[in-house]
Amino acid sequence: MVKRFENKIWLSSPTMHGDELRYVTDAYESNWMSTVGENINEVEHLICKKVGCQYAVALSAGTASLHLAVKLAGVKSGDKVFCSDMTFAATVNPIIYEGGIPVFIDTEYDTWNMDPVALEKAFELYPEVKVVVVAHLYGTPGKIDEIRAICKKHNAIIIEDAAESLGATYKGIQTGTFGDYNCISFNGNKIITGSSGGMLLTDDEEAANKVRKWSTQARENAPWYQHEEVGYNYRMSNVIAGVVRGQIPYLEEHIAKKRAIYEKYREGFKDLPVKMNPYDEINSEPNYWLSCMIIDEEAMCKTVRGENDVLYISEPGKTCPTEILETLAKYNAEGRPIWKPMHMQPLYRNNPFVTKNGDGRARTNAYIEGKSVDVGMDIFNRGLCLPSDNKMSEEEQDIIIEIIKGCFK
């Protein structure tokens, strides 16, 4: 009989190594506790070297970097901006900060990322759009070549949200380098962490200098506090940078462990009516930040979701994400639902949404032969994020696999 885990198995918690404390202590002992110092300088240098970009600006959060990327892209009040639909709200909210209007582009099944076909359809509907925000879901690169070709054709700027995909590659090139402006995150549950923090990455020196200025309240080069434009308190602290600095050498080790977790799930579930979150095995190598799965349609029990609750009916041989997550919680293991697509969020339910068949808000285009073509909604309804913590032992993961198998009995 499976027993409840004595220590909680987390979705994805920080994995610390000890070097972090040394660099934080250096900041403390040298009294560089503000937003300048050796840790910040070194972190920017190390990330540039590892990712392959020319400039990195360390900021307080990935969201801050996305906000300043939107500002760099010139988004003004009333401007429509295309963006990934199945993502965390932080990908989208910075567009609103600058007064823009998010237009959500549906997802494709191959990578669970922005569908290039839907993106091309969106340009047909809204040819005036000049900015596209692309996220790489759960550390898996999207169809970058196709998306870049479409954006080039329509003379659109790409903002790459690589918050979840640090260390992932597409055709041997690191994510965080494919956009005009690129963003990464060091939030507490990311592949490496500072407890918080993020960076804007670019090959544009002028853009990097603007972000450095804006992130320190846009102070002018004067002997007093002179301000000629709106600024923000967005710079990373030297203390947080110390944590990130200590984490960077372990990025590849973390990815290797995450990959082992993913592969073990894939092997363990091979006889179940489920599939793991997919990726392009020829062109891309994810960082495997979160292992996820989607239940085959015929194996889904009856489920109804509201805005804040869900009802399901247990059936022999069938299950649903909620039943699995509730069962994992009973054993003291943490899973999560898939990101709820932005076009389904109450905040954005009136925003445009484009599928590969056109306007996804129009009922005539939402269904073909009775089948939904809203891919993001389908993945959300049938998918879930599995416990993916680096500190989970193989024995603990074996137990989680057996718990999930039990939900299908």
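The values are calculated or read from the model by the stated rules, or taken from the named source; none is laboratory data. Keep in mind the model is a prediction, meaning the values are calculated, not measured. Glycine also receives a Cβ, built like all others from the backbone with ideal geometry; neighbour counts cover every protein chain displayed.
Worth a mention:
- Test for A69: is it buried (at least 17 other Cβ atoms within 10 Å of the Cβ) and either farther than 16 Å from T177 by Cα or assigned by TED's automatic domain parsing to the domain that holds N390 (or both): no
- Hits in region 308-359 - residues which are at positive phi and assigned to a strand (DSSP E or B): G358
- Being surrounded by 21 or more Cβ atoms within 10 Å (Cβ to Cβ), in contact (Cβ under 8 Å) with a residue 40 or more places away in the chain, more than 20 Å from I294 (Cα to Cα) and not assigned by TED's automatic domain parsing to the domain that holds M114 is not true of M342.
- Qualifying residue in region 247-255 (condition: assigned to a helix (DSSP H, G or I) and more than 21 Å from the chain's Cα centre (by Cα)): yes
- Qualifying residue in region 352-360 (condition: at pLDDT below 95, crowded, with 23+ Cβ neighbours inside 10 Å and more than 21 Å from the chain's Cα centre (by Cα)): yes
- Within region 92-107, being over 17 Å from K130 (Cα atoms) and either free of Cβ contacts under 8 Å to residues at least 24 places away in the same chain or crowded, with 24+ Cβ neighbours inside 10 Å (or both) holds for D106, T107.
- One residue from K275, K270, K264 being among the basic types (K, R), at pLDDT 95 or above and part of a loop (DSSP other than H, G, I, E, B): K270
- Boolean, T322 is assigned by TED's automatic domain parsing to the domain that holds D271, without any contact (Cβ under 8 Å) to a residue 24 or more places away in the chain and not charged (D, E, K, R): yes
- Residue satisfying all of: in region 191-239; loosely packed, with under 15 Cβ neighbours inside 10 Å and within 25 Å of Y23 (Cα to Cα); nearest to the chain's Cα centre (by Cα) among these: S195
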